[in-house]
Amino acid sequence: MERRTTRTKKSGVNPLGETAELSENEVHDSTPKDEPEFTEKKPRPKKRKTGENKDNKEGAPPQWKRVRGKRGMLKQLVEMPLDLLFEIFGRVDPVDLLHMARTTKALRAILMSRSSISVWKQSRSNIERMPNCPDDLTEPQYANLAFGRSCSFCQRNLSVIHIAWSARVRCCKKCLDVHFMQVKNHTTWLTAADRGYPSLLAHWAPCLIITRTTVSRKSGPRTHDTVYVLQSTDQLWKDEYASIQDPNAKHEWINRKLEERYAIEKHARECESWCRKVQGENGTRTELLIAERKAILMENVKELGWEEELYKLSPVDYYPQYEPRVERFCETDITESVLSDFRNFLNLFMKRTKSQRLFQEHSQYLESRRNILHEICKNGSAHLPLNSLYPTVGELYRITEDNPSLVDYSKSYPDALLVPFPDIALLWRKDIERKLLDLITNACGADHVFDPSTVFDLATTFFKCTSCYPVMLMRDERAMKHRCATVDGRYRPDEDPYKRAFRVVLGVSWNACGCIKFDPEDLKTLTEVVEMCGFDPKVTTAHEMDEADPIIECLSCNHIDEGRATMTWAAVRGHQRASHDQNGKAMVLKLLDEEEAIKVRERMKEEQARQLHKDYSYKFMCPHCKSAVGALSTLRKHLKQNHGMTKVKDDELVYALDQNRIPSLYRLWPPRDEEPEGDLHQEPQLGDLHEDSDESGL
């Protein structure tokens, strides 16, 4: 069998591939002028015979190499009578004749002879509505142009091949830029004066039009056509037109080319129309075949035990047959071996579908109850004092699930509320306080002894939220109402559908994500701060510390350009975490005397009032309707529109409970000249705290 190469022959490029290479007794007497001739290949030198295998015994038959398939089966085909052979060949498609002509020299000689033209015509008649073979192409060339799989230039078999019917070539994307000339503005190119031949002929130049779709955010999807002109024909026309000097001869040449191109373009339009119809029919047949394969898959899903789940799916649910992976799977033949590998995906898909169905059903159930709970919280909190603690909608649902006698969901508000709302709020607060006590016990261990009835009032009892950045300290009441404690947006692929529905619709249970914590390091630092201020940390409350309002300076953070770092007692631990724990710098603290403390308090108050008017992170409550309004500008607008108040004093502002009330660090001027004693780069620790201004701590 002759070995075919994919390399382009140096003597020329045959745009129609190997099937255009005919024998002496070809189908047509003449070959088109623009088809180059090939030089005859030199016979490949014969290989030298090797000696017999030494392992074989004398007289033993030679050992033949085993090959795939059966050898010599096509040899008997050409020995059949020609009329019977032509009858067989006439029943196959043209693409099959192309493949057989490329198998053996004997078949090639038969199919490329003049006597086989009836076979090609009969084979082409098997294709419905296919246009007749044009005069400028032979039957094999026409079959290769319509059904070939390779590029006419590089002979590569690619998935995307453009057919230029008017140019009589098949072209891949890579060869398109080499052998075709892109015309950006077709109208300008047609009317160009320096083209080399008349514009009348340019309208009939062999070209390829490719339609592309682009998507823009402003205008959406848009389609535009790009015109590519065959460079070889364009250059040939330039050379021929330039070589003719006689005007009459030029006129005859133009008429002759127009007549040729008119016939080619007419046939090209017929082929393009036929291609569009065939593609539409093939698409319909493919859709029917895919539908049959999907039905096989659905029967397989039922055999896997998911039949009941399929019946529970609503028409708007996502069925397995609409999954993109299933669409791709059904494009090929379904065999038992392939189907066995695909069953794992079907099981996983149905598990996810069931989880999604349960999630939607439970979400609808929770949403119906959420509306009643929302009315209870909204109206019940209106009768409580300002900034009172009461459960969220999700926490209220959790309490009613544990105590069904609190709310009757079969009735609407207020009949649904069976117990006074303040009693429900008190029940919820005791439950959260128990959880806060557990946080203290688990963090400090059994050796840490405290009184549960007074521990929340102590100045050393602060909790922290690890979800906030930076990590902030908060008292027990703020920890109960902190937003992060009842919000968890983390994605969990294997989450229970019922828990997921509760999390999405009502939020998580208080501190289910574990962001509210009690840190023993906070307790240690605040204990030393309270002792430095002259109080007993075991009995001193946060209210007593706020009344005393001591001002503390961090000598380690004294800056020659910014000033002295001063802060309130409650801000010490936050300053230590932000400025010392990260870089390992030791913190040296000093208690300011009353004269300097008064000055710092006034300036802190002034700075805080300034921040209230420009910082939108502060949240305020309306003292009249007891609702959370938002920033100060929003509160002013609310008071004016709803309560007829034009002004609001700073001392009348009511902060929301979940609001950071600790003043920021204040830089007191002028800075200190002396440096604090001790190694400032040691491990962060509080060490000795002194009241005397001449002594240093760590």
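The values are calculated or read from the model by the stated rules, or taken from the named source; none is laboratory data. Since we're looking at a predicted model, the values are computed, not measured. Every residue, glycine as well, gets a Cβ built from its backbone with ideal geometry; the counts of neighbours run over all protein chains shown. Surface accessibility is based on the protein's heavy atoms, side chains included, excluding ligands, DNA and RNA. Shrake-Rupley method; radii C 1.70, N 1.55, O 1.52, S 1.80 Å.
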* Structure fact -> proj_area_mean for region 313-384 (convex hull on C-alpha atoms), units nm², value 6.8 nm²
* Asked: How many percent of the accessible area of region 311-445 is carbon or sulfur, using a 1.4 Å probe?
  -> 51 percent
* Cα centroid separation - region 631-673 against region 360-384, whole Å -> 32 Å
* Of all accessible surface on region 168-215 at a 1.4 Å probe, what whole percent is carbon and sulfur? -> 57 percent
* What percentage of all Cα-Cα pairs in region 111-167 are separated by more than 15 Å? -> 54 percent
* To do: Sort SER412, SER123 from largest to smallest accessible area, using a 1.4 Å probe on the heavy atoms of the protein chains.
  => SER412, SER123
* **Under 18 Å between alpha carbons - lysine pairs in region 365-487 that sit 8 or more apart or on different chains** => 6
* Quick one: accessible area per residue over region 476-558, 1.4 Å probe, rounded to a whole number of Å²? -> 47 Å²
* Asked: Could you give the semi-axes, largest first, of the ellipsoid that matches region 107-208, computed as the square roots of 5 times the alpha carbon gyration tensor eigenvalues and rounded to whole Å?
  -> 32, 17, 12
* Asked: Of all the accessible heavy-atom surface of region 514-569, with the other protein chains kept in place and a 1.4 Å probe, what percent is carbon and sulfur?
  -> 48 percent
* To do: Could you please report the charge total around LYS250, scoring K, R as +1 and D, E as -1 over all other residues with beta-carbon less than 11 angstrom from its beta-carbon?
  => -1
* For region 239-331, the fraction of alpha-carbon pairs in successive 5 Å shells from zero, as % -> 2, 10, 11, 11, 9, 6, 6, 5, 5, 5, 5, 5, 5, 4, 4, 2, 1, 0
* Structure fact -> Whole-Hz Karplus couplings 3J(HN,Hα) for region 379-393, θ = phi - 60° and coefficients 6.51, -1.76, 1.60, Gly and Pro as x, run 7, x, 6, 5, 9, 8, x, 4, 6, 7, 8, 8, x, 6, 4
* Asked: For region 96-189, with only Lys/Arg (+1) and Asp/Glu (-1) charged at the beta-carbon, what is the dipole magnitude about the Cα centre, in debye rounded to 20?
  -> 280 debye
* Cross-link pairs LYS121/LYS174; LYS614/LYS640; LYS105/LYS257 - those with Cα-Cα distance over 29 Å -> LYS121/LYS174; LYS105/LYS257
* Asked: What per residue convex hull volume, in Å³, comes out for region 482-538 when only alpha-carbon positions are used?
  -> 111 Å³
* Asked: When all C-alpha to C-alpha distances in region 370-501 are sorted into bins of 10 Å, what percent of pairs does each bin hold, rounded to whole numbers?
  -> 10, 34, 33, 19, 3, 0
* Structure fact -> Output ordering of 232-243, 512-523 (per-residue mean of other Cβ within 10 Å, highest first) is 512-523, 232-243
